[in-house]
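The values are calculated or read from the model by the stated rules, or taken from the named source; none is laboratory data. Please read all numbers here as calculations on a predicted model, not as lab measurements. Don't worry about glycine lacking a Cβ; one is built from the backbone with ideal geometry, like all the others, and counts go over all protein chains shown.
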Amino acid sequence: LGPSTDWLRAAERRFGATNYAPLPAVFQRGEGVWLWDTDGRRYLDMMSAYSAMSFGHGHPRLVRALVDQAQRLALTSRAFSSDRLPVFLERLCATFGYECALPVNTGLEAVETALKAARKWGYKVKGIAPERARILACDGNFHGRSIAIVGLSANAQYRNGFGPFPPGFERVPFGNVDALEAAITPDTAAFLVEPIQGEGGIVVPPPGYLSRCAEICRRHDVLLIADEVQTGLGRTGRLLACEHDGVRPDGLILGKALGGGLLPVSAFLADRRVMDVFGPGDHGSTFGGNPLAAAVGTEVLALLAETRPWERAARLGTQLMETLRAAALPCVREVRGRGLLVGLALDPALADASEVATQLLARGIATRDTHGNVIRLAPPLTIDEATLDEAARRILDTLRMLTP
Ligand code: PMP
């Protein structure tokens, strides 16, 4: 196979239609914030694999941790512990301030773990009858694509054809505390929320939203579970996005960047009063917390503590948003986000975000659109100021060229 387009056609033949129509680039190599395609062209990675590649491609310390561990011991399954697992769990609990952490693999698996914990907590601790337990989530959410989780979604494309869904999953409007309070009944076990909706269009709720949610949940004895799969680990300018509102959720879901972009590593964190609802054999996974995941995850947490990437994300994100806003382009409805999770909401009458993403790719900027005609800008947190400035300039030039 030769040029990128041949690789694309070869992949499409076998992928079926589940793939999003891929943009016309096939990547072969990555280093830091850069990607190279099979034709040797270089692109700036402005989406970090949906925020999973926060430390940049091929981070030497993470690669070393992975390779060293692969040579020593890769897998024991959950039938046995490895010497790496307790180290990882200790560090995970210490970093985020929880008593317990349950390691799984992908983001959706950690969300499922949280949903199982919430339901069992509802039955065992709150005395909710199993057939009546309710879990609330938000309109516009994205928590993954398992059957239970798409049952929480409002998005027809995620849901249609995949029902019936488990009962008791309901939604309230995102950003509206009164609607949350009105929806809570004695049978409500948990409220699941993204501090900033990522896939939903980089939607930032009003200031104080989460802290008021936390207060309402506390008053009604409902677990507040934060899905920080995309927003966590420095992405939004704080270690966790919940910190912007001074909130410590009852349950915390982490994923994506926790595996340094090298392998799937996710976790559900909570204190004993929640986690102890699980008994032996209630939950688990062959690969959850495996030695490779534990070794890389431990190194990710060490890097976080040493490099404090949220400080850079806060500074550069503010700068990026200011530059984009200052251009005052008519096709840009809103520039929003926090830290290096930024959305450029385009006026659909003037610009189509997926077309803009294709044009950006042709100009060496790799990113995609998300819901609501929004261009997602989420580079690795290691990006430097000059590179980010150059990206902003190219994005603005592209928009100027495409729109009146
Ligand atoms: N939660 C959130 C907030 C996410 O953004 C995503 C992925 N985009 C997930 C869960 C699911 O993660 P995964 O794709 O690893 O299952």
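For Thr307, the requirement of being under 17 Å from the mean Cα position of the chain (by Cα) and hydroxyl-bearing (Ser, Thr, Tyr) is not met. One residue stands out in the range 267-277 among those that are part of a loop (DSSP other than H, G, I, E, B) and surrounded by fewer than 18 Cβ atoms within 10 Å (Cβ to Cβ): the one that is nearest to the chain's Cα centre (by Cα), namely Asp271. In the range 308-319, the residues that are at negative phi form Cβ pairs under 8 Å with partners that are surrounded by fewer than 23 Cβ atoms within 10 Å (Cβ to Cβ) and polar (S, T, N, Q), at six or more places apart or across chains, as follows: Pro309/Thr382; Arg312/Thr382. Scanning the range 313-323 for residues that are more than 19 Å from the chain's Cα centre (by Cα) and surrounded by fewer than 22 Cβ atoms within 10 Å (Cβ to Cβ) returns Arg315, Thr318, Gln319, Met321, Glu322, Thr323. I'd like to check something: does the range 11-28 contain any residue that is closer than 29 Å to Leu136 by Cα and in contact (Cβ under 8 Å) with a residue 40 or more places away in the chain? Yes. Residues in the range 53-80 that are within 16 Å of the ligand (Cβ to nearest atom) and either part of a helix (DSSP H, G or I) or closer than 14 Å to Thr367 by Cβ (or both): Met53 alone.
Of the listed requirements (1) within 16 Å of the ligand (Cβ to nearest atom); (2) over 22 Å from the mean Cα position of the chain (by Cα), Arg218 misses just one: (1). Evaluate the range 183-194: report whether one residue or more is farther than 19 Å from Ile216 by Cα and in a loop (DSSP other than H, G, I, E, B). Looking for residues that are farther than 19 Å from Ile216 by Cα and in a loop (DSSP other than H, G, I, E, B), one finds none in the range 183-194, hence no.
Filtering the range 81-96 to residues that are part of a helix (DSSP H, G or I) and either out of contact with any Pro (no Cβ under 6 Å at 6 or more places or on another chain) or not basic (Lys, Arg) (or both) leaves Leu85, Pro86, Val87, Phe88, Leu89, Glu90, Arg91, Leu92, Cys93, Ala94, Thr95, Phe96.
Remark: pairs (first residue in the range 266-288, in the same structural domain as Asp227 (by TED's automatic domain parsing); second residue at pLDDT 95 or above and surrounded by fewer than 16 Cβ atoms within 10 Å (Cβ to Cβ); Cβ separation under 7 Å; 6+ apart in sequence or on different chains) = Asp271/Glu99; Arg272/Glu99; Val277/Lys124; Val277/Val125.
Answer with yes or no whether Val203 is out of contact with any Gly (no Cβ under 9 Å at 6 or more places or on another chain), assigned by TED's automatic domain parsing to the domain that holds Arg119 and within 12 Å of the ligand (Cβ to nearest atom). Judged against the criteria, Val203 is not a match.
If we keep just the residues of the range 19-51 that are acidic (Asp, Glu) and touching a helix residue (DSSP H, G or I) at 6+ places or on another chain (Cβ under 6 Å), which is modelled with the highest pLDDT? Across the range 19-51, the extreme among qualifying residues is Asp37.
Of all residues in the range 204-241, those satisfying the criterion of being buried (at least 24 other Cβ atoms within 10 Å of the Cβ), in contact with a helix residue (DSSP H, G or I) (Cβ under 7 Å, 6 or more places away or on another chain) and not in a loop (DSSP other than H, G, I, E, B) are Leu210, Cys213, Leu223, Ile225, Ala226, Asp227. Only a single criterion out of (1) within 25 Å of Asp39 (Cα to Cα); (2) surrounded by fewer than 17 Cβ atoms within 10 Å (Cβ to Cβ) is not satisfied by Ala386, namely (1).
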